[in-house]
Amino acid sequence: MPSADDLTRLARYGISGGLSALTHFTVGLAASAWLGLPAVPASTTGFAASVAVSYLLQRAWVFRADAGHSITGPRFLTVTAAALALNTAVLWIGADLLDGPYAAVQGVAILLIPVVNYLLNSRWTFARA
């Protein structure tokens with residue numbers, strides 16, 4: 001059974017993830033609707049905007065990492081690159097190959113990415129020594 005600390009961390013992760021996802025979705029949707037970008041570049045733009053929000057909240061608030069930015073930063077960017085690859089694959093398959101609507105396909109990706117991120121960031125990026 002998860003401890004109270006684990007549940008608190010999961011709740012904080014959920015909130016920070018929600019804020020990051022909102023940034024990702026809003027910026028991506030704006031890039032698609034207003035700039036006319038195709039799904040993958042629009043989503044990539046939104047994803048990039050959410051990286052700073054996610055890193056700062058996770059490092060300082062969710063995992064309360066004590067390791068320096070020189071350690072957590074590159075690790076976080078590695079995990080982020082894996083998440084970007086997952087997001088790109090989902091958008092390419094769902095929107096480009098299957099011609100699904102951007103919002104629905106991005107919603108699927110936004111559900112998958114937090115699970116991957118939490119597992120990698122809690123066990124590697126921000127793991128306590």
When the charge dipole of the chain is computed with +1 at the Cβ of Lys and Arg and -1 at the Cβ of Asp and Glu, the Cα pointing farthest to the positive end, of 10, 32, 98, is that of 10
Which of (1) 3.21; (2) 1.09; (3) 1.04 is the computed Cα Rg over 2.2 N^0.38 Å? It is (2)
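To the nearest 20 Debye, how big is the dipole of the chain about its Cα centre, given +1 on the beta carbon of each Lys and Arg and -1 on that of each Asp and Glu?
In total the dipole reaches around 420 debye.
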Phi angles of region 93-105, converted by Karplus (6.51 cos²θ - 1.76 cosθ + 1.60, θ = phi - 60°) into ³J(HN,Hα) in whole Hz with x for Gly and Pro, give 5, x, 8, 7, 6, 9, 6, x, x, 3, 4, 5, 5
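Work out how much length residue 129 to residue 26 would gain on full extension: take 0.36 nm times their residue separation and subtract the Cα-Cα distance, in nm to one decimal. Walk me through the intermediate numbers first.
Details: separation 103, 0.36 × 103 = 37.08 nm, distance 3.62 nm.
Once the chain is fully extended between residue 129 and residue 26, it gains 33.5 nm.
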HN-Hα couplings for region 51-64 via Karplus (6.51, -1.76, 1.60; θ = phi - 60°), in whole Hz with x for Gly/Pro, come out as 4, 4, 4, 5, 4, 4, 5, 5, 5, 8, 10, 6, 9, 6
Within region 5-49, the residues whose backbone N lies under 16 Å from a label point placed 7 Å from the Cα of residue 115 along the Cα-to-Cβ direction are 14
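Values in this text are rule-based calculations from the coordinates and carry no lab data. Bear in mind that the values here come from a model prediction, so they are computed numbers and not experimental data. Backbone-built Cβ (ideal geometry, glycine too); neighbour counts: all protein chains shown.
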